[in-house]
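Only one structure is covered here, and it is reproduced in the block below.
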Amino acid sequence: MVDGNGKNCHKVQVAATRKTMEERERGWRRRGDELTRIEEKKENNGESCHKVQVAAARKVMEEHELERRLTMAAISNSFTVKQGFFLARPRTPFLTPSSASVKFTRCYAAFANENREYVIVGGGNSAGYAARTFVEHGMADGRLCIVTKEPYAPYERPALTKAYLFPPDKKPARLPGFHTCVGSGGERQTPEWYNENGIEMLYEDPIKDIDIERQTLTTSSGKLLKYGSLIIATGCTASRFPEKIGGNLPGVHYIRDVADADALILSLEKAKKVVVVGGGYIGMEVAAAAVGWKLDTTIIFPEDHLLQRLFTPSLARRYEELYQKNGVKILKGASIKNLEAGSNGQVAAVKLGDGSIVEADMVIIGIGAKPAVSPFERVGLHTDAGGIQVDGLFRTSTPGIFAVGDVAAFPLKIYNRIARVEHVDHARRSAQHCVKALLSAQTHTYDYLPYFYSRVFEYEGSPRKVWWQFFGDNVGETVEIGNFDPKIATFWIESGKLKGVLLESGSPEEFQLLPKLARSQPLIDKAKLQNATSVEEALEIARGSLQGEAAV
């Protein structure tokens, strides 16, 4: 890798190497086309001999293709990082095509039989979308292995706190209905899909150790996996109450996977009084689901209002009123001293900091999550954002190791800061971007626009279905338009620029406008926006500012 005064020289070397490889590739493709034409003509005499010749020629071409991919990967890995931090790599001379092929081919040849060329650790959204991208590039069959602690193929995890928790008479979601990649309109990747595409799946055998120097993973069952390239897609684990205050009592639930959701449903079937701890996404979605079961439901959280990290107090009040209309009791600004057990050992009550008691025969804890970095701490963590530190191509400080999704601390280019984003949209996009960079000459850095959404009260018979979307950054002053019947919109404005926007119950066309506004950050007339008499008018004003920005 070259930096500083050698920067221009490095660019020339990269360009020259790319040109050479592109010329070789054109030659290989011409030869491949020629072989195909010859093969079509040889249908009678000498057919067997000809097939042997063609097979031998194709093998040579495949070796050339491997050389090309590995060289381009070497080129990609040679760039410095310019997104706020630098990931140290061995300062070795730039690899020419011949030296790259010698170094990397020897490494891959060692893994050609029992070992794995690519390994993904994790079984959530990122793993599923990464697998699809490997398949799209023709690099999955016999080369890719996915290791997951769950007994299921990768699935769309957000369903677990939404439709999965619907009562039996409300058409709840169940596997295989929400395997990836149905959440984005893609193909449903069932276990059979992985088998058909030659992807090795190791179920219920999480990774317990990594030897970075030997490029070896050890699973809980003792299985050793050597890898050529490793993608860490382990996501997050639920934050838990300490055992000493009742965090592990029977009837206390956390939700991160299908097993958690199944246990929660069993309790919902028997429960009468439910307490949800936490006023964020999980708390709001689980409480809405409990309403569908017609249960006595209470939400308890220490903040001043629901979803404090995004909602304004005024916006939160609208949603709090909606929950209360659905029979949910809300205790905000409340601390919890401990969870108390009944005579049968099951959780029976929540004791608050002021000494008051809230009865409950089941408690769901939704107080956030922590990046699942173990046992990959040595790869390099980001102290502020948490998670594994990566660059704009999701490369860690260790060559050949990548991290994507919730666990990755990456450069949020649009706002020039390092962030971890716990959201399905980022899980999908980061996985796809990482694999494309790994398998091709793609060198443009990830440019993510923060996006969050939630859908609640969507089950059949609900008097009001709620669906909001947010794009951008919630900084600066806010302008709120609409009466929540059903629409409401909140605009965040900083230094005259529109930085973020949230819309409830918008039309498809209106929702499609939001990311355009948030990414462009146009100058907007705040006074004009405040005078809008409807959400539709406010969005047209915002659209006009977008068009005015383009005309400048």
Worksheet, complete the sentence: Within segment 312-340, residues touching a Ser or Thr at 6+ places or on another chain (Cβ under 8 Å) and assigned to a loop (DSSP other than H, G, I, E, B) come out as THR312, GLY327, VAL328
Worksheet item: Which is under 23 Å from LEU165 (Cβ atoms) and buried (at least 22 other Cβ atoms within 10 Å of the Cβ), of LEU339, LEU249?
Response: LEU339
Item to complete: With the checklist (1) hydroxyl-bearing (Ser, Thr, Tyr); (2) crowded, with 21+ Cβ neighbours inside 10 Å; (3) within 24 Å of ARG309 (Cα to Cα) in hand, flag the one item TYR459 doesn't pass.
Response: (3)
Fill in: Criterion: over 26 Å from the mean Cα position of the chain (by Cα), surrounded by 15 or more Cβ atoms within 10 Å (Cβ to Cβ), modelled with pLDDT under 95 and not in a loop (DSSP other than H, G, I, E, B) - qualifying residue of GLU480, GLU549, GLU536
GLU549
Discussion item. Please determine whether any residue of segment 173-189 is within 24 Å of ASP425 (Cα to Cα) and in contact with a His (Cβ under 7 Å, 6 or more places away or on another chain).
Written reply: yes
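Tally time: how many residues in segment 499-533 are open to solvent by less than 80 Å² (accessible area, probe 1.4 Å), within 25 Å of ARG455 (Cβ to Cβ) and touching a strand residue (DSSP E or B) at 6+ places or on another chain (Cβ under 9 Å)? Please lay out each step first, then the result.
To start, the set of residues in segment 499-533 that are open to solvent by less than 80 Å² (accessible area, probe 1.4 Å) comprises 499-507, 510-511, 513-515, 517-518, 520-522, 524, 526-527, 529, 532.
Right, trim to within 25 Å of ARG455 (Cβ to Cβ) and you get 499-507, 510-511, 513-515, 517-518.
Subsequent filtering for residues that are touching a strand residue (DSSP E or B) at 6+ places or on another chain (Cβ under 9 Å) retains 499-506, 510-511, 513-515, 517-518.
Total satisfying the criteria: 15.
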Item to complete: Assess whether ILE357 counts as being under 24 Å from the mean Cα position of the chain (by Cα) and either open to solvent by 20 Å² or more (accessible area, probe 1.4 Å) or charged (D, E, K, R) (or both).
Response: no
Fill in: Output for segment 457-472, where each listed residue is over 16 Å from LEU315 (Cα atoms) and not hydrophobic (A, V, I, L, M, F, W, C)
GLU458, TYR459, GLU460, GLY461, SER462, PRO463, ARG464, LYS465, GLY472
Worksheet entry | strands (runs of 3 or more DSSP E) wholly inside segment 366-433 containing at least 2 residues that are in contact with a Phe, Trp or Tyr (Cβ under 8 Å, 6 or more places away or on another chain) and open to solvent by 10 Å² or more (accessible area, probe 1.4 Å) | 417-419
Practice prompt. Return the pairs, sorted by first residue and then second, in which the second residue is among the basic types (Lys, Arg) and open to solvent by 10 Å² or more (accessible area, probe 1.4 Å), the first residue lies in segment 487-502 and is within 15 Å of ILE414 (Cβ to Cβ), the beta carbons are less than 7 Å apart, and the residues are 6+ apart or on different chains.
Written response: TRP492/LYS499
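Taking segment 252-272, which residues are assigned to a loop (DSSP other than H, G, I, E, B), out of contact with any Asp or Glu (no Cβ under 8 Å at 6 or more places or on another chain) and open to solvent by less than 20 Å² (accessible area, probe 1.4 Å)? Lay out the reasoning, then the answer.
Filtering segment 252-272 for residues assigned to a loop (DSSP other than H, G, I, E, B) gives 254-257, 271-272.
Next, from what is left, pick out any that are out of contact with any Asp or Glu (no Cβ under 8 Å at 6 or more places or on another chain): 255-256.
Matches in segment 252-272: ILE255 only.
For ARG309, are the conditions met, namely being in a loop (DSSP other than H, G, I, E, B) and either closer than 28 Å to ALA173 by Cα or within 30 Å of the chain's Cα centre (by Cα) (or both)?
Details: in a loop (DSSP other than H, G, I, E, B): yes; either closer than 28 Å to ALA173 by Cα or within 30 Å of the chain's Cα centre (by Cα) (or both): yes.
Spelling it out, ARG309 is indeed in a loop (DSSP other than H, G, I, E, B) and either closer than 28 Å to ALA173 by Cα or within 30 Å of the chain's Cα centre (by Cα) (or both).
The values are calculated or read from the model by the stated rules, or taken from the named source; none is laboratory data. Every value quoted in this text rests on a predicted model; they were computed, and no experiment measured them. We place every Cβ from the backbone using ideal geometry, glycine too, and count neighbours over all the protein chains shown. For accessibility, only protein heavy atoms count, side chains too; no ligands or nucleic acids. Shrake-Rupley method; radii C 1.70, N 1.55, O 1.52, S 1.80 Å.
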